[in-house]
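Participant: Structure incoming, see below.
The values are calculated or read from the model by the stated rules, or taken from the named source; none is laboratory data. Because the structure is predicted, anything quoted here is derived from the model rather than measured. So basically every Cβ, Gly included, is an ideal-geometry build from the backbone, and we count neighbours across all protein chains shown. Areas reflect the complete protein model, heavy atoms only, side chains present, ligands, DNA and RNA absent. Shrake-Rupley method; radii C 1.70, N 1.55, O 1.52, S 1.80 Å.
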Amino acid sequence: AGAGAPTPLQSMSVEQEFKNLLKAENEEDFTAKLKNLKTVVRVDGALTNLGLRLPNRNKEGKTNLRGHLWKLMLGVVYEEKGAGTALEKYKEQLKKGENKVQGKDIRNDVFRTFPKLEIFDLESQKRKMTRILHAVSHKSNFKYTQGQNILLAPFLLCMNEVDAFHSYHRLSVEMVPTYWMEQSSKNPEKSKSYLGVNAACRIADKILRVVDPNLHKALMANYKEKINPISPTERWFHTQFTFRHMQTLSLCTKPLEQVVLLLDVVFAMGIQYHVLIYVAQLMSLREKLMQKGTNLNDFLRQDNFPDVNARYVSSQVSYLIEKLEDQPKLLDELVRHTTDH
């Protein structure tokens, strides 16, 4: 088959393939089958296209098939029985209670989490979210920062509380540690938080310059004309518009059901590639953003950002990767920015 061609797995159900993964004869067999599943998800767009239903409110608080597959793709593995089980490890952190230093920030963010969405209006979900965020902050001396509530929410739609805790810890603490790091300086006033987030903003700018230089030029021109004629630099544009998207791994969009579908693809590709989701969304607005005199606030402010279509954005991400094949240094920077510092 040619590059990117569908594999035989596409004729199977996701449930059957999950069962096949569990029956892997050895680690090598398991790795090969998981790689095959990830390839199909990348090619086809989302697990929903392979027979998996859209997420629901998960009133029962159970880990569904999507949740199990997310754990596999994230590399969340632990013993289900015996001493030191996932539940016991979670309880150990819960015993430490509320994080006194960060408790107010966590409460405020949890209260603001998707306040208008029926899919996430259950009070029990917010209590779970509060417990998990405190537990993660204790486990790794992990400083809670604004936006981490957005990263956690999709897990609770697909997993029980214990699985959501371990999966969220794996994602935020182990897979994107630079996103919460401070960039030190001899002058404390020049120190910057969110080292990886700022790197992601710079990478997004470089990628847009490569794949669509005319759109990049139009964005900067409209930013200067309508918003900031005094400091019309890329840095200020990304501070105002891009930063929030990078801070939340490009998930601060709506509807939440489509965000979950985007995570199918991002987990299959690698979390670093979330930057391409934001670039793809900018390109989906190209016709409007290219018009001279467009007020970018009308489209790019978080409240005005259009609903995402996961299938379309996923196909655009694949296109962007192809466009960047002759930019090995930029791709390497993209891949490494979540962990290198």
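Participant: Please enumerate the residues belonging to region 135-149 that are open to solvent by 10 Å² or more (accessible area, probe 1.4 Å), farther than 24 Å from V266 by Cα and either touching a residue at least 60 places away in the same chain (Cβ under 8 Å) or assigned to a helix (DSSP H, G or I) (or both).
Facilitator: H138, K139
Participant: Can you tell me which residue in region 113-129 is most open to solvent (accessible area, probe 1.4 Å), limited to those that are more than 20 Å from T63 (Cβ to Cβ) and either modelled with pLDDT of 85 or more or in a helix (DSSP H, G or I) (or both)?
Facilitator: Ranking the candidates gives E118 first.
Participant: Let me spell it out: the conditions are (1) buried (at least 16 other Cβ atoms within 10 Å of the Cβ); (2) of a type outside the set (G, A, S); (3) assigned to a helix (DSSP H, G or I), and V335 meets all of them except one. Which number is the exception?
Facilitator: (1)
Participant: If a residue has to be aliphatic (A, V, I, L, M), in a loop (DSSP other than H, G, I, E, B) and either buried (at least 18 other Cβ atoms within 10 Å of the Cβ) or modelled with pLDDT of 85 or more (or both) to count, how many in region 63-86 make the cut?
Facilitator: 1
Participant: What pairs come out if I take residues in region 296-315 that are closer than 16 Å to M246 by Cα and at pLDDT below 85 and pair them with residues that are of a type outside the set (S, T, N, Q) and not in a loop (DSSP other than H, G, I, E, B) whose C-beta lies under 9 Å away, six or more apart or interchain?
Facilitator: Going by the 9 Å Cβ cut-off, the qualifying pairs are R301/F241; Q302/F241; Q302/R244; Q302/H245.
Participant: Give me a count of the residues in region 243-268 that are open to solvent by less than 40 Å² (accessible area, probe 1.4 Å), part of a helix (DSSP H, G or I) and either within 20 Å of Y319 (Cβ to Cβ) or among the small types (G, A, S) (or both).
Facilitator: Of the residues in that region, 9 qualify.
Participant: Looking at region 269-289, which of the residues that are in a helix (DSSP H, G or I) and among the small types (G, A, S) is surrounded by the most Cβ atoms within 10 Å (Cβ to Cβ)?
Facilitator: So, considering only residues that are in a helix (DSSP H, G or I) and among the small types (G, A, S), the one surrounded by the most Cβ atoms within 10 Å (Cβ to Cβ) is A280.
Participant: Among the residues of region 150-162 satisfying the criterion of being assigned to a helix (DSSP H, G or I) and open to solvent by 10 Å² or more (accessible area, probe 1.4 Å), which is nearest to Y194 (Cα to Cα)? Break it down into steps so the answer makes sense when it comes.
Facilitator: Step one: list which residues in region 150-162 are assigned to a helix (DSSP H, G or I), which gives 150-158, 161-162.
After this cut, where a residue has to be open to solvent by 10 Å² or more (accessible area, probe 1.4 Å) as well, the list is 150, 161-162.
Working: I150: 16, E161: 27, V162: 27 Å.
The qualifying residue nearest to Y194 (Cα to Cα) is I150.
Participant: Would you please list the contacts, defined by Cβ atoms under 8 Å and residues six or more apart or on different chains, that run from a residue in region 255-277 that is under 17 Å from T338 (Cβ atoms) to a residue that is among the basic types (K, R) and surrounded by fewer than 24 Cβ atoms within 10 Å (Cβ to Cβ)?
Facilitator: V265/R42; A268/K38; A268/R42; M269/K38; M269/R42; Q272/R336
Participant: Now for a separate question. I need the full set of residues from region 290-313 which are open to solvent by 10 Å² or more (accessible area, probe 1.4 Å) and assigned to a helix (DSSP H, G or I), in order please.
Facilitator: Result: N297, D298, F299, Q302, D303, N304, R311, Y312.
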